[in-house]
Structure formats: structure tokens, C-alpha cells
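The values are calculated or read from the model by the stated rules, or taken from the named source; none is laboratory data. Quick caveat, the model's predicted, so the values are computed rather than measured. Quick reminder, even Gly has a Cβ in these numbers, built from the backbone with ideal geometry, and neighbours come from all protein chains shown.
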Amino acid sequence: MKRTPLRKYHKKTKAAQKRQCDALWAQLIKLKHPFCLCGEPSTDAHHIYGRASSPHLRHEPLNGVGLCRACHDEEGNRPWVLGFMQESKKAWLWGIESINGKTHFKPDYTEICTRLQGMIDELLQRD
């Protein structure tokens, strides 16, 4: 009798988990801010503090605003968008560790996705 090999369980890669968190974050931002600051329907989720300069705020719901395509493409849109952030300076700092005086960000994407999905579900239940 011939044996069939067992199928191995493959975990999602970190890159796949990060993309999933990015998609959930964008969905949450568009639900929280259905209209752009100019009054048009929001089609894009915009990071107020950029992903590269502030990686610890990448999936922070308070670091996002919904923008229409025109406003998102507009060069130099940060000054008027940053005023939007003044209502709250609170941030979730998930997975920050200090090693040798340097701050390293080690996100737990499973936890982040779970929290974001919970927020989305809560928003959808309200409507």
C-alpha cells in the first residue's frame, strides 16, 4: 500500500500578515471617515504620519483620514490634513522594545488584525 505524504500546515508569512493588516486598516479608516475633508466621498485611506517615518503608527486608527482621490493626489496635502490629527494625540504603540538604547518595533500582526477586525465589526453593528 502506497503512503501519501502528510500536508504541511503553512503559517502566513509576515508580509502576507502585514498586507492583511493594511487592508483592514484601510477598510476601518474608510468606514470611520466616509467623506473627505473637501466633502467628496472618501476613496483612499491616508496615513497622516507616513509609514516610513513612523512605522509604529502604521496600523493606528487615529493616524488615518479618508480622502478622495483628488485630495490624496494633491501635492503638499499634509499641512491641512495634519490639523485633523489635533483632536487626539493618543496612539497605540504595539510591540515597542528598547534594545541598547534604540527603539525597535516588533509588531504582532495577528493581534493587530484581530483588533482592527473587532473595530470594523463594532462600526458595522452601529450602522
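Report, by residue number, each residue of segment 22-43 that is closer than 13 Å to Arg69 by Cβ and crowded, with 17+ Cβ neighbours inside 10 Å.
Lys30, Cys36, Ser42
Which count do you get for residues in segment 44-60 that are surrounded by 15 or more Cβ atoms within 10 Å (Cβ to Cβ) and touching a Phe, Trp or Tyr at 6+ places or on another chain (Cβ under 8 Å)?
7
Listed here are the residues, each with its yes/no results for (1) at pLDDT below 85; (2) among the basic types (Lys, Arg); (3) surrounded by 11 or more Cβ atoms within 10 Å (Cβ to Cβ).
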position: Lys2; (1), (2), (3): yes, yes, no
position: Lys8; (1), (2), (3): yes, yes, no
position: Gly64; (1), (2), (3): no, no, yes
position: Trp92; (1), (2), (3): yes, no, yes
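Of all residues in segment 17-71, which are more than 16 Å from Gln117 (Cβ to Cβ), of a type in the set (Lys, Arg) and assigned to a helix (DSSP H, G or I)?
Result: Arg69, single match.
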